[in-house]
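What follows is a short report on a single structure.
The values are calculated or read from the model by the stated rules, or taken from the named source; none is laboratory data. In this text, all values refer to a predicted model and were calculated from it rather than measured experimentally. Because the Cβ atoms are built from the backbone with ideal geometry, glycine has one as well, and the counts that use them run over all protein chains shown. Quick note on the areas: whole protein, heavy atoms, side chains included, nothing else; ligands and nucleic acids left out. Shrake-Rupley method; radii C 1.70, N 1.55, O 1.52, S 1.80 Å.
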Amino acid sequence: MSTPINNSIASELRTVLARLNRKLRKLSPSNTVLSQTERSILVLLEQHEYLLSAELAVMEKITPQSMGALLNHLAELNLIAKTASESDKRKVHISLSAQGREMLGQVRHERDEWLGKAIAEVCTTEEQLILKKAIGPLTKLVNF
């Protein structure tokens, strides 16, 4: 059950995490040509061997037409591969290309590097330990 203290913590935490997330997105030069939805599509494709366009549209809660446009853009950038299904030629399997995998790795590296540098420069050793300990509870919140 939520309490006024929990609601206050929630408000402060939400604000700080949202600002940190926006900052991380802005600080990644490899990621600037993609929308948030396109980045999300690449992450979904990384998690699955392949997905159909309709499956991606449902997962992202967008229309099939909008998904088609996004996939065309990602294909133009060589970040995804489209392969006809062997069992049903009407279906096209969408997967992450080697270039897409490389870009995701680069984006994560840039973000980790910036965040690691920021932690080292602005946090005391004690604060760094607090951050490390906070990862467990934050993970529980994400999985709630």
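Would you mind stating whether Thr32 is at negative phi, of a type in the set (Val, Ile, Thr) and in contact with an Asp or Glu (Cβ under 8 Å, 6 or more places away or on another chain)? So Thr32 fails the test. Restricting region 80-100 to residues that are out of contact with any Lys or Arg (no Cβ under 9 Å at 6 or more places or on another chain) and open to solvent by less than 60 Å² (accessible area, probe 1.4 Å) leaves a set whose member that is farthest from Glu38 (Cα to Cα) is Asp88. The single condition from (1) open to solvent by less than 70 Å² (accessible area, probe 1.4 Å); (2) at pLDDT below 95 that Phe144 fails is (1).
Looking only at residues in region 114-127 that are assigned to a helix (DSSP H, G or I) and exposed (fewer than 12 other Cβ atoms within 10 Å of the Cβ), which one is nearest to the chain's Cα centre (by Cα)?
First, pick out the residues of region 114-127 that are assigned to a helix (DSSP H, G or I): 114-122, 125-127.
Of the ones still in play, those that are also exposed (fewer than 12 other Cβ atoms within 10 Å of the Cβ) are 116-117, 120-122, 125-127.
Details: Gly116: 18, Lys117: 21, Ala120: 24, Glu121: 26, Val122: 25, Thr125: 29, Glu126: 29, Glu127: 26 Å.
Selected residue: Gly116.
With the condition kept exactly as written, say whether any residue in region 61-74 is open to solvent by 40 Å² or more (accessible area, probe 1.4 Å), more than 17 Å from the chain's Cα centre (by Cα), at pLDDT 95 or above and small (Gly, Ala, Ser). Yes, there is a match, as at least one residue in region 61-74 is open to solvent by 40 Å² or more (accessible area, probe 1.4 Å), more than 17 Å from the chain's Cα centre (by Cα), at pLDDT 95 or above and small (Gly, Ala, Ser). Tallying residues that are without any contact (Cβ under 8 Å) to a residue 60 or more places away in the chain, among the β-branched types (Val, Ile, Thr) and farther than 18 Å from Leu13 by Cα within region 93-144 yields 4.
Results for (1) part of a helix (DSSP H, G or I); (2) of a type in the set (A, V, I, L, M), shown as yes or no for each residue.
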residue	(1), (2)
Arg19	yes, no
Leu24	yes, yes
Leu34	no, yes
Val43	yes, yes
Ala57	yes, yes
Gln65	yes, no
Asn72	yes, no
Ala81	no, yes
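Here Glu49 does not qualify as in contact with a Leu (Cβ under 9 Å, 6 or more places away or on another chain) and charged (D, E, K, R). Among the residues of region 74-111, the ones that are farther than 15 Å from Tyr50 by Cβ and among the β-branched types (Val, Ile, Thr) come to 1 in all. Selection of region 83-92 for residues being in contact (Cβ under 8 Å) with a residue 12 or more places away in the chain and part of a loop (DSSP other than H, G, I, E, B) yields only Lys91. Would a scan of region 28-43 turn up a residue that is free of Cβ contacts under 8 Å to residues at least 24 places away in the same chain, open to solvent by 80 Å² or more (accessible area, probe 1.4 Å) and under 30 Å from Ala69 (Cβ atoms)? Checking region 28-43: at least one residue is free of Cβ contacts under 8 Å to residues at least 24 places away in the same chain, open to solvent by 80 Å² or more (accessible area, probe 1.4 Å) and under 30 Å from Ala69 (Cβ atoms). Filtered by the rule that a residue be exposed (fewer than 10 other Cβ atoms within 10 Å of the Cβ) and either in contact with a Lys or Arg (Cβ under 6 Å, 6 or more places away or on another chain) or part of a helix (DSSP H, G or I) (or both), region 45-55 gives a lone residue, Gln47.
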